[in-house]
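Participant: Before I ask anything, let me first share the structure, which is written out below as structure tokens.
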Amino acid sequence: MIRAAFLLFLAIVPAFPAGAAENSVRSAPTRPGAASPAVPSASAPAAPSGEKPLPGKRFGRIEYVSLAAAAPRLGARLNWLEAGRRLELKGPGGRAEVETDSREITVNGLRVFLGDPVVASGGDAFVSRVDHERCLLPLLRPGHGQAPRAAPRVIVLDPGHGGTDPGKINDRLGISEKTLTLDVARRAQRLLEADGHRVLLTRDDDSFVALPQRAAAARAAKADVFVSIHFNAVPRDNRTSGVEVYTFAPRFQRSTNAWGAGARDDTEEFASPANRHDHWNVLLAHALHRRFVNDLKSDDRGKKLMHLAVLRPLDCPGVLVECGFLSSDAEARKIASPAHRQQLAVAIAAGLRDYAAVLARARAK
Ligand SMILES: [Zn+2]
């Protein structure tokens, strides 16, 4: 389970009261109606170097771009699957399926949450400029407009919780998140070291490490990649299961979970250090997400955005993975087995290999 920070790096508050978060996730409409809170005005982020910004159009207070106009920039072909309602975009990075009035899209078959709902207008579909630049562009045209990145060498794995903070617990099975995250991290460390990486853990015993220290450890190690490992839970719910992958929310966008009824709009109008890596954060998340869903056959609860304190100060690409629900006895029993935790570690190592391959292809262009 994870915590979000809404203020400065040190201000760490739970995203929601226990239970409300997950319940609001499951019940949150992805088709906000007229009653949805307005999102603060977003000035346009810079277009990739040397390109003219796409013309913008305001819906409410958010600036949008037309997908018909954006498709060439995305290196993608646009086909309507259902006129005015559902379309696909096929680019070098894969295939996205987009539905109007929804924040949820699929990319290469995986659930991905945009920061703003897609809008239908005049026979065209519009996505927010931030979603275009910080989600669709990286996924459909990896590396476009970005300085090439060297192959990742130093990887920092962050086993969630520890010491006085056990994280989530399944009393019935007598297992706690802090023990399981450390075990998965150690297993992934061995696999990644065998791949030739230098791998550091933010903790290698049952000790408490504050969130800002975890990012500081990555900075000190000159990390190329940061992966925070967690397990999830919903109080008094035995059924919810599956994986979620989080990146730090781009500037001018709110957390995915902040769209639920009664949720506070946590949009930030300032950029955080993590936002310098929005393009690569999304690609790193997609690589891990793909392995978790395709190789482990985990239920896909989506790639989401959150203002996570552990990711905010990073000066390298970073993600947080929620590897399964301890509150589901069926999933918790799997997680309790060393064989399943080894599979989780294998998926993390394979996802990082895939991410390195995406960087290599981007460098080759
Ligand atoms: Zn956690």
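Participant: Which of the following residues is farther than 19 Å from residue 303 by Cα, of a type outside the set (Phe, Trp, Tyr) and touching an Asp or Glu at 6+ places or on another chain (Cβ under 6 Å): 152, 148, 92? Steps first, please.
Facilitator: Values: 148 fails: touching an Asp or Glu at 6+ places or on another chain (Cβ under 6 Å); 92 fails: touching an Asp or Glu at 6+ places or on another chain (Cβ under 6 Å).
Going through 152, 148, 92 in turn, the sole match is 152.
Participant: Quick one: is residue 359 in contact with a helix residue (DSSP H, G or I) (Cβ under 9 Å, 6 or more places away or on another chain) and within 15 Å of the ligand (Cβ to nearest atom)?
Facilitator: Numbers: in contact with a helix residue (DSSP H, G or I) (Cβ under 9 Å, 6 or more places away or on another chain): yes; within 15 Å of the ligand (Cβ to nearest atom): no.
Against the criterion (in contact with a helix residue (DSSP H, G or I) (Cβ under 9 Å, 6 or more places away or on another chain) and within 15 Å of the ligand (Cβ to nearest atom)), residue 359 does not qualify.
Participant: Testing residue 40 on (1) under 23 Å from the mean Cα position of the chain (by Cα); (2) at pLDDT 95 or above; (3) not hydrophobic (A, V, I, L, M, F, W, C), one condition comes back false. Which one is that?
Facilitator: Among (1) under 23 Å from the mean Cα position of the chain (by Cα); (2) at pLDDT 95 or above; (3) not hydrophobic (A, V, I, L, M, F, W, C), residue 40 violates only (2).
Participant: Something else about it: Out of everything in the range 252-303 that is aromatic (Phe, Trp, Tyr) and part of a helix (DSSP H, G or I), what residue ends up being modelled with the lowest pLDDT?
Facilitator: 259
Participant: Additional query: Which residue is surrounded by the most Cβ atoms within 10 Å (Cβ to Cβ), if the candidates are limited to the range 85-108 and must be assigned to a loop (DSSP other than H, G, I, E, B) and touching a residue at least 40 places away in the same chain (Cβ under 8 Å)?
Facilitator: Filtering the range 85-108 for residues assigned to a loop (DSSP other than H, G, I, E, B) gives 85, 92-93, 100-103, 108.
Adding the requirement that they be touching a residue at least 40 places away in the same chain (Cβ under 8 Å) leaves 92-93, 101-103, 108.
On the way: 92: 15, 93: 26, 101: 15, 102: 17, 103: 22, 108: 17.
Restricting to residues being assigned to a loop (DSSP other than H, G, I, E, B) and touching a residue at least 40 places away in the same chain (Cβ under 8 Å), the top hit is 93.
Participant: Still on this model: Can you name the residue in the range 81-95 that is under 19 Å from residue 112 (Cα atoms) and not basic (Lys, Arg) and, of all such residues, is farthest from the chain's Cα centre (by Cα)?
Facilitator: Taking the range 81-95 first, the residues under 19 Å from residue 112 (Cα atoms) are 81, 85-95.
Filter again for not basic (Lys, Arg), leaving 81, 87-89, 91-94.
Numbers: 81: 27, 87: 23, 88: 21, 89: 21, 91: 20, 92: 21, 93: 17, 94: 18 Å.
Result: 81.
Participant: Moving to a separate point now. Can you tell which of 248, 231, 252 is surrounded by 19 or more Cβ atoms within 10 Å (Cβ to Cβ), aromatic (Phe, Trp, Tyr) and farther than 16 Å from residue 320 by Cβ? Break it down stepwise before answering.
Facilitator: Working: 248 fails: farther than 16 Å from residue 320 by Cβ; 231 fails: farther than 16 Å from residue 320 by Cβ.
Going through 248, 231, 252 in turn, just one is surrounded by 19 or more Cβ atoms within 10 Å (Cβ to Cβ), aromatic (Phe, Trp, Tyr) and farther than 16 Å from residue 320 by Cβ: 252.
Participant: Considering only residues that are among the polar types (S, T, N, Q) and within 14 Å of the ligand (Cβ to nearest atom), look in the range 198-242 and name the one that is nearest to residue 1 (Cα to Cα). Before the answer, list the steps.
Facilitator: Quick first cut of the range 198-242, residues among the polar types (S, T, N, Q) only: 202, 207, 213, 228, 232, 238, 240-241.
Within this subset, residues satisfying the condition of being within 14 Å of the ligand (Cβ to nearest atom) are 202, 228, 232.
Values: 202: 17, 228: 11, 232: 5 Å.
Here the residue is 232.
Participant: What about residue 223, is it of a type in the set (A, V, I, L, M), at pLDDT 95 or above, touching a Cys at 6+ places or on another chain (Cβ under 9 Å) and not in a strand (DSSP E or B)? Steps first, please.
Facilitator: On the way: of a type in the set (A, V, I, L, M): yes; at pLDDT 95 or above: yes; touching a Cys at 6+ places or on another chain (Cβ under 9 Å): yes; not in a strand (DSSP E or B): yes.
It is true that residue 223 is of a type in the set (A, V, I, L, M), at pLDDT 95 or above, touching a Cys at 6+ places or on another chain (Cβ under 9 Å) and not in a strand (DSSP E or B).
Participant: Given (1) more than 17 Å from residue 155 (Cβ to Cβ); (2) of a type in the set (Val, Ile, Thr); (3) touching a strand residue (DSSP E or B) at 6+ places or on another chain (Cβ under 7 Å), identify the lone condition not met by residue 202.
Facilitator: (1)
Participant: Does residue 215 satisfy being small (Gly, Ala, Ser) and surrounded by fewer than 23 Cβ atoms within 10 Å (Cβ to Cβ)? Give the derivation first.
Facilitator: On the way: small (Gly, Ala, Ser): yes; surrounded by fewer than 23 Cβ atoms within 10 Å (Cβ to Cβ): no.
Judged against the criteria, residue 215 is not a match.
Participant: Output the number of residues of the range 133-147 satisfying the condition of being part of a loop (DSSP other than H, G, I, E, B) and either touching a Leu at 6+ places or on another chain (Cβ under 8 Å) or among the hydroxyl-bearing types (Ser, Thr, Tyr) (or both).
Facilitator: Within the range 133-147, the first condition is being part of a loop (DSSP other than H, G, I, E, B), and the residues that meet it are 141-147.
Checking which are either touching a Leu at 6+ places or on another chain (Cβ under 8 Å) or among the hydroxyl-bearing types (Ser, Thr, Tyr) (or both) leaves us with 141-145.
Final tally of qualifying residues: 5.
Participant: How many residues, within the range 307-342, are among the polar types (S, T, N, Q) and either surrounded by fewer than 18 Cβ atoms within 10 Å (Cβ to Cβ) or not assigned by TED's automatic domain parsing to the domain that holds residue 173 (or both)?
Facilitator: Step one: of the range 307-342, the residues among the polar types (S, T, N, Q) are 327-328, 337, 342.
Going one step further and asking which of them are either surrounded by fewer than 18 Cβ atoms within 10 Å (Cβ to Cβ) or not assigned by TED's automatic domain parsing to the domain that holds residue 173 (or both), we end up with 337, 342.
Qualifying residue count, the range 307-342: 2.
Participant: Okay, next question. Hey, does the range 132-140 have a residue that's farther than 19 Å from residue 77 by Cβ, buried (at least 17 other Cβ atoms within 10 Å of the Cβ) and either more than 16 Å from the ligand (Cβ to nearest atom) or among the basic types (Lys, Arg) (or both)?
Facilitator: Of the range 132-140, the ones farther than 19 Å from residue 77 by Cβ are 133-134.
Now drop any that are not buried (at least 17 other Cβ atoms within 10 Å of the Cβ), which leaves 133-134.
Add one more test, that the residue is either more than 16 Å from the ligand (Cβ to nearest atom) or among the basic types (Lys, Arg) (or both), and what stays is 133-134.
Looking through the range 132-140, at least one residue is farther than 19 Å from residue 77 by Cβ, buried (at least 17 other Cβ atoms within 10 Å of the Cβ) and either more than 16 Å from the ligand (Cβ to nearest atom) or among the basic types (Lys, Arg) (or both).
Participant: Look at the range 50-67 and say how many of its residues are part of a strand (DSSP E or B) and over 15 Å from residue 122 (Cα atoms).
Facilitator: Let us first name the residues in the range 50-67 that are part of a strand (DSSP E or B), namely 57-59, 62-66.
Subset that is over 15 Å from residue 122 (Cα atoms): 62-63.
Result for the range 50-67: 2.
Participant: Quick one: count up the residues across the range 287-315 that are in contact with a helix residue (DSSP H, G or I) (Cβ under 6 Å, 6 or more places away or on another chain) and either over 22 Å from residue 159 (Cα atoms) or of a type outside the set (Lys, Arg) (or both).
Facilitator: If we filter the range 287-315 for residues that are in contact with a helix residue (DSSP H, G or I) (Cβ under 6 Å, 6 or more places away or on another chain), which is where we start, we get 287-288, 291-292, 295-296, 298, 300, 303-305, 309-315.
Adding the requirement that they be either over 22 Å from residue 159 (Cα atoms) or of a type outside the set (Lys, Arg) (or both) leaves 287-288, 292, 295-296, 298, 300, 305, 309-311, 313-315.
Total meeting the criteria: 14.
Participant: Anything in the range 150-188 that is over 19 Å from residue 216 (Cα atoms) and part of a helix (DSSP H, G or I)? List them, or say none.
Facilitator: 177, 178, 179, 180, 181, 183, 184, 186, 187, 188
The values are calculated or read from the model by the stated rules, or taken from the named source; none is laboratory data. All of these numbers come straight from a predicted model, not from anything done at the bench. Cβ atoms come from the backbone with ideal geometry, glycine included; neighbour counts cover every protein chain shown.
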